[in-house]
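First the structure, in the form of structure tokens, and then the observations on it.
No lab work stands behind these numbers, since they all come straight from the coordinates. None of these values were measured; they are calculated from a predicted model. Quick reminder, even Gly has a Cβ in these numbers, built from the backbone with ideal geometry, and neighbours come from all protein chains shown.
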Amino acid sequence: MARFDLNNLPEREEDIDFSDIEERYQLSFEEGFDNIVVVDNIPLVDETKEEKLIQFLRKIFKNVGEIRENHFVMPKAVNEKGKLMSKGFMFIEFETAEQATLAVKLIDGFKMDKSHTLAVNRFTDVEKYSSVEEEFRAPPVEEFVEKEHLRSWLADEMGRDQMVVYRHNEVQVLWNMQKEAPQVAHNKPHWTETYVQWSPLGSYLTTFHAQGVALWGGESWKKIIRFVHPGVKLIDFSPNERYLVTWSNEPIVVPEEGYDGPFTAKDQDNQIAVWDVKSGTLFRTFPSLPTQAPTGRSAVSWPVFKWAPSERYFARVTPGQQISVYEAPSMGLLNKKSIKIEGIVDFEWAPISGTDKAGKVKDDMLAYWTPEVDNQPARVTLLNIPAQTIIRTKNLFNVNDCKLHWQNQGDFLCVKVDRHTKNKKVTYSNLEIFRVREKDIPVEVVEVKESILAFAWEPKGERFAVITTSDPNFTSATPGSTTLKTSASFYYLDKGKGKDTLQSFKVIKTLTGKSCNTIFWSPKGRNVVLATLRSQTVWDLEFYDLDFEPLESAAAKVPTRGEKDPAAYLQLLASGEHYGVTDIEWDPSGRFVATSASVWRHTMENGYQIWDFKGQMLYKETLEKFKQLVWRPRPKTLLSKEQIKNIRKNLREYSARFEEQDMESSSLVSSAERTRRRELLEAWAQWRQSAEADLAQARAQAGQQVQVASAEDEEAEEVDEWIEEVIDEREEIVA
């Protein structure tokens, strides 16, 4: 510390050493000036125009935040002509640091006129970067730390699938073991507060908490990233897991002081947030529409935003007004405006955009429908995005409602139309099928005389199934209260034999006298489950195969597919029942089906069952307070079409190998069970010996006679264990 010498004072004020005082009272720029911004490139004005310029700048910054009184400072200096002029920059002090940050984000780059573009920076940034050393010094190289592979479960030697089971307060990730009890891959109590959800490709498991959601994955199931959104209730991933949309029924509240979260003042009162999954960055927030978030316990129509398959666009509908299409990752409106469509009700993106012959990604496409307005008929429209050109329209008459169903390859669009007669006393349904891949997109009308309860396309196929009913209780029935009499029909595309033959959808077969109300196709196609869900009296399950080839006698010629009626290949494989079933889900391989009864619907015999695709029940477990079972999705295969074709060709060779592995696995289980029993017997013998020794010691201490059985007196007891195995079984019919 410099000492004060009265006899040796500096001649000038600039020569005084204030280093000790500065060191003692130094104020960090990061703490004291974080609410101040520096505005450059403002016009040079004299004192007469200063106030006018300040008023103009106040209008520019008025929507950013509150500016403190008398803290709009414009430094001035005398120029060569002796006139007092501004220096071309100024300081603005806001009430909070968040407002200063928002000013930099919104006003930086603002054009005042042709020759003046404002440059806005935080004062702390100017001080920080002005103190950077001129000589570059390379930062130290961080040691590479290999991260866990997010798709490591795909390397399982047995090719098993995983599922997550949520019961009471415990979440388990399990390996499917077919007929045996599932093997635990990871177990964690209180892992989530409401429910769990997989990402579309199975890379992440999402858990829900009061402060937001967290993503987990890898072999050790570590937390990968978290997203802070208080009260989040619903989430939705983009198709390739790049973006995450979260929704909360609680509007976002940004505290005025001491807030260190991702939201800013402009996010206040919004309820929807879009995030970057890789970095956790918040892209943008949106308000919920009034119809989507009513007061009280809202029943939001989810997902609010629907993603195009390319992930380049996402959109939402404002019922009766418009479709708002946003670009990613900029999150701005396409062409800076919404698409005005009077009366619009709903829309759906085509599932696959595809590529042309040159490998260029095609434009995305969406379909929307509008109801009858005045003298205009209802209409279904196919729209190209981003060009916004109309590809195809179809007028509809006497329409009550429409539902849009895309085939998962984007080859067909089925519009389920609920119609009424002219007197509006009778309602009926029909199907309008758009063949999107054909020239001019022809539309075929499939007449259905009854009301349609459910519709579902076969994945990767040209067939579909519908469930219809003419039950008079249909109009007044509420889900789960009344079991309706239904029929199930399967349709196929009849391509004909000649080149000029018109293709049309025809009925394969109609199954009558049913009670089913839902359709569950295998993700690989061909197999389907018809089920009665959430009923109080019926819980039927029926497993069908649409390509079943019956055994023909050796002498008979096996007919080809074109020579035989397709109905001959539709076969009921098995019928079953799961008491109180509430949910059904196929595993990604299409080999197994999980049926479950959730406590969220009722409290009777909650648990789940595993079935194979043939309808044989493999495993059943009753769990108290069981809530949820969800199969882990798989990404698209990396095999080429030629490799898949070769595997199918040599399927018998592979199946023999898999059967051998199953037998080995079964024998290992039996061996493990025998070993467990042997260990239990040995433990019992050791305990008995120690108990007898303790008893003899206690009798000796009490003066009682100790009886020790000799080896000759003991009778050896032999236990024979019989194992029955059926070597061969034959069934002969005696005339």
Normalised by the residues of region 29-130, what does the relative contact order come to in percent, with Cα pairs under 8 Å and at least six apart?
42
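Provide the packing ranking of 77-83, 373-379, 608-614, i.e. peptides ordered by the mean count of other C-beta atoms within 10 Å per residue, highest first. Present the calculation step by step, with values, prior to reporting the outcome.
Numbers: 77-83: 7.9, 373-379: 13.0, 608-614: 20.6.
Descending mean neighbour count gives 608-614, 373-379, 77-83.
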Between the modelled labels at Asp547 and Asp694 (7 Å from Cα along Cα→Cβ) the distance in nm is 6.6
Computed E for Phe283/Ile390 - FRET, C-beta separation, R0 25 angstrom, nearest 0.05
0.25
Arg151 versus Leu573: modelled label distance in nm, points set 7 Å from Cα along the beta carbon direction
2.7
Lysines whose Cα lies under 17 Å from that of Lys614, excluding same-chain neighbours fewer than 8 positions away:
Lys179, Lys524
For the chain, average projected area of the Cα convex hull in nm²:
65.4
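Among 255-267, 519-531, what's the highest-first ranking by average C-beta atoms within 10 angstrom per residue? Walk me through the numbers before you get to the answer.
Numbers: 255-267: 13.2, 519-531: 21.4.
For the peptides 255-267, 519-531, the packing ranking is 519-531, 255-267.
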By per-residue mean of other Cβ atoms within 10 Å, what is the highest-first order of 403-410, 274-281?
403-410, 274-281
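Could you work out [θ]222 nm for the chain from helices alone, using -39500 (n - 2.57) per DSSP H run of at least four and dividing by all its residues? Round to the nearest 500 deg cm²/dmol. Display every interim value, and only then the final one.
On the way: 7 runs with 104 residues, N = 735.
Rounded to the nearest 500, it is -4500 deg cm²/dmol.
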Reachable lysines, given that their alpha-carbon falls under 17 Å from the alpha-carbon of Lys223 and they are not under 8 places away in the same chain:
Lys147, Lys188, Lys278
List every residue whose amide H lies under 5 Å from the amide H of Asp161, counting only residues 5 or more places away in sequence or on a different chain, with H placed 1.01 Å from N in the peptide plane.
Asn176
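What's the exposure ranking of Tyr368, Tyr654, going from fewest to most Cβ atoms within 10 Å?
On the way: Tyr368 21, Tyr654 11.
Placing the least packed residue first, the sequence is Tyr654, Tyr368.
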Mind checking which lysines have their Cα closer than 16 Å to the Cα of Lys649? Skip sequence neighbours fewer than 8 apart in that chain.
Lys641
In this model, which of Lys336/Lys636; Lys306/Lys422; Lys336/Lys362 are farther than 28 Å apart at the alpha-carbon?
Lys336/Lys636; Lys306/Lys422
Cα convex hull of region 57-120 - mean projected area over all directions, nm²:
5.1
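Stretch His602-Glu80 to full length: gain in nm at 0.36 nm per residue minus the Cα-Cα span? Don't skip to the end; give the middle numbers.
On the way: separation 522, 0.36 × 522 = 187.92 nm, distance 8.72 nm.
Here the answer is 179.2 nm.
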Please report how many Lys pairs in region 29-130 have alpha carbons closer than 15 angstrom, counting only residues at least 8 apart along the chain or sitting on separate chains.
6
Cleavage-rule hits, trypsin sites (Lys or Arg not before Pro), region 85-154, DSSP coil, Cβ neighbours within 10 Å at most 16
Lys87, Lys114, Arg137, Lys147, Arg151
Rounded to the nearest 0.05, FRET efficiency between Asp440 and Ile647 (Cβ-Cβ, R0 35 Å) equals 0.35
Whole-Hz ³J(HN,Hα) for each residue in region 637-647, computed from phi via Karplus 6.51 cos²θ - 1.76 cosθ + 1.60 with θ = phi - 60°, x for glycine and proline: what do you get?
5, 8, 6, 7, 4, 5, 5, 5, 5, 5, 5
Angle in degrees between helix 97-107 and the longest Cα principal axis of the chain, rounded to the nearest 10
90
Testing the spin-label approximation: label points 7 Å from Cα along Cα→Cβ at His71 and Phe18. State their distance in nm.
2.2
Using a Förster distance of 51 Å, how high is the FRET efficiency between Glu257 and Leu44, based on the Cβ-Cβ distance and rounded to 0.05?
0.85
Residues Arg534, Arg657, sorted so that the one with the fewest Cβ neighbours within 10 Å comes first:
Arg657, Arg534
